[in-house]
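In what follows, a structure is listed as structure tokens, so that the remarks can point back to it.
The values are calculated or read from the model by the stated rules, or taken from the named source; none is laboratory data. Computed from a predicted structure; not experimentally measured. Here the Cβ is made from the backbone with ideal geometry for all residues, glycine too, and neighbour counts use every protein chain on show. These area figures cover heavy atoms from the full protein model, side chains too; ligands, DNA and RNA do not enter into them. Shrake-Rupley method; radii C 1.70, N 1.55, O 1.52, S 1.80 Å.
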Amino acid sequence: MLEPLFLNSVLQNKIWGGTRLNSVFGYDLPSDKVGEYWAISAHPNGVSTVANGEFAGRKLDELWANNRELFGNVKGDVFPLLTKILDAEDWLSVQVHPDDAYGLKHEGELGKTECWYIIDAEPGAQIIYGHHAKTREELTQMINDARWDDLLTKVTVKKGDFFYVPAGTIHAIGKGIMILETQQSSDTTYRIYDFDRKDDEGNLRELHIKQTIDVTSIPGTLSAQEPTITQVEGSTLTTFVQTPFFNVDKWVVNGELPLSMDEPYQLVSVIEGNGSIVIDENKWDLTKGQHFILPNTIKEFVLDGQMEIIASTPGK
Ligand code: ZN
């Protein structure tokens, strides 16, 4: 049967988390410090489970291992993508991620290129996105001297903005921001600076200065990529990025929107509104906060309603 794989997934407590994953998306929270919903994940630190249909109860990592036909029989040891929603009640640590070569050599997993769609932001909310050091020596010196204001590039963000964050980019999501993150399936983070915060036990979180200096890109300035926007009847399709790691689109659905799938499989997140998806005369209701995978068996589908959706496919 041609059916989407709706997913139940794992929430993660974080020192910087809050409660908006409940108030905005309705997820049941285990605490009042929830930072991340790993909405579509086969990473061992939080694996999604199929909620419906023939594959109900199956874990995404196990489906990837044993039912690769659902994913177009593409190669790869691990399901390569991870979709998260993050609620930053406070600043995340200033951090950087390795590329695949460094990650596999030092951490035994892929590196992490990621990207962010800003779901919501308080007025004036900021991110850290890149740095000003001109050489590795200067980077080392500025970190050792804790010259954070001189080193780090701050950018004010608003709802609807999109940021591509390649491995090697120094970055942090700021207080009052909610994002949908599409990333490589990796959980390796090198912390540079954590605002000298202590956890509930009074401990500072570990920093990784040597690794940071190893993997940070120099120069550390980034330029915005122009999205491609297409109108289809009343709906708007935006392609934010096409990269070797993932392709990310936003679909603003207004009425009926027939789409075809050209990629081996697709990850879909409803971030606003509600409606439905029709596949081969079967219909499923869709609502804000749902996440699903369209497996390879599905070539055409019709969305209907008033919805904002972030969709991603694997890179090539
Ligand atoms: Zn990160």
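Structure notes:
- Lone unmet requirement of (1) closer than 19 Å to Leu7 by Cβ; (2) in contact with a helix residue (DSSP H, G or I) (Cβ under 9 Å, 6 or more places away or on another chain) for Asn66: (2)
- Hits in the range 252-269 - residues which are of a type outside the set (Asp, Glu) and closer than 18 Å to Leu60 by Cβ: Pro264, Tyr265, Gln266, Leu267, Val268, Ser269
- Single residue of Asp280, Asp285, Asp249 found to be outside the structural domain of Leu180 (by TED's automatic domain parsing) and without any contact (Cβ under 8 Å) to a residue 60 or more places away in the chain: Asp285
- Hey, Thr169 crowded, with 20+ Cβ neighbours inside 10 Å and assigned to a loop (DSSP other than H, G, I, E, B) or not: yes
- Within the range 179-228, the set of residues being polar (S, T, N, Q), within 13 Å of the ligand (Cβ to nearest atom) and assigned to a helix (DSSP H, G or I) comprises Thr212 only.
- Cβ-Cβ distances below 8 Å connect the following pairs, each with a first residue in the range 27-42 that is under 15 Å from Gln183 (Cβ atoms) and among the acidic types (Asp, Glu), a second residue that is modelled with pLDDT of 95 or more and open to solvent by 30 Å² or more (accessible area, probe 1.4 Å), and a separation of six or more residues or different chains: Glu36/Leu11; Glu36/Gln12.
- Against the conditions (1) out of contact with any helix residue (DSSP H, G or I) (no Cβ under 8 Å at 6 or more places or on another chain); (2) more than 15 Å from the ligand (Cβ to nearest atom), Ala133 satisfies every one except (1).
- For Lys75, the conditions (1) touching a Pro at 6+ places or on another chain (Cβ under 7 Å); (2) away from the ligand (no atom under 16 Å from the Cβ) all hold with the exception of (1).
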